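Asks: Here it is: the structure, laid out below.
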Amino acid sequence: MSTSKLYFVALLIIASVLVSVQSIRIMDALSDCDFRGPCEKKEDCYDRCGVNKPPFNNAICAPNGSSRQCCCILS
């Protein structure tokens, strides 16, 4: 009985580590953003970000607080 509890605890620890690593990766990806104004869809961001003009090569409409903002992705 105690062995199965130990396995369960170990599984929970491993799962929590994996979840925290994934959330850190997401936050790192968002730190590559230069937020530039509100948007509804990613096409709204192309002019704001100057897509395909250095230093930006892509743009997305990302949640930022309670609204959605253009995230100009740095090359």
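Asks: Take each of the peptides 45-51, 62-68, 32-38, 7-13, average the number of other beta-carbon atoms within 10 Å over its residues, and list them starting from the highest.
Replies: Most protected by this proxy first, the peptides run 45-51, 32-38, 62-68, 7-13.
Asks: Follow-up question, since we're still on this one. Output wanted: per-residue J couplings in Hz (rounded whole) for the stretch 7-15, from phi through Karplus 6.51 cos²θ - 1.76 cosθ + 1.60, θ = phi - 60°, x for Gly and Pro.
Replies: Working through the residues one at a time gives 4, 5, 5, 4, 5, 5, 5, 4, 5 Hz.
Read the figures in this text as sums done on the coordinates, not as results from a lab. Source: prediction; values computed, not measured. Cβ: placed from backbone, ideal geometry, glycine included. Neighbour counts: every protein chain shown.
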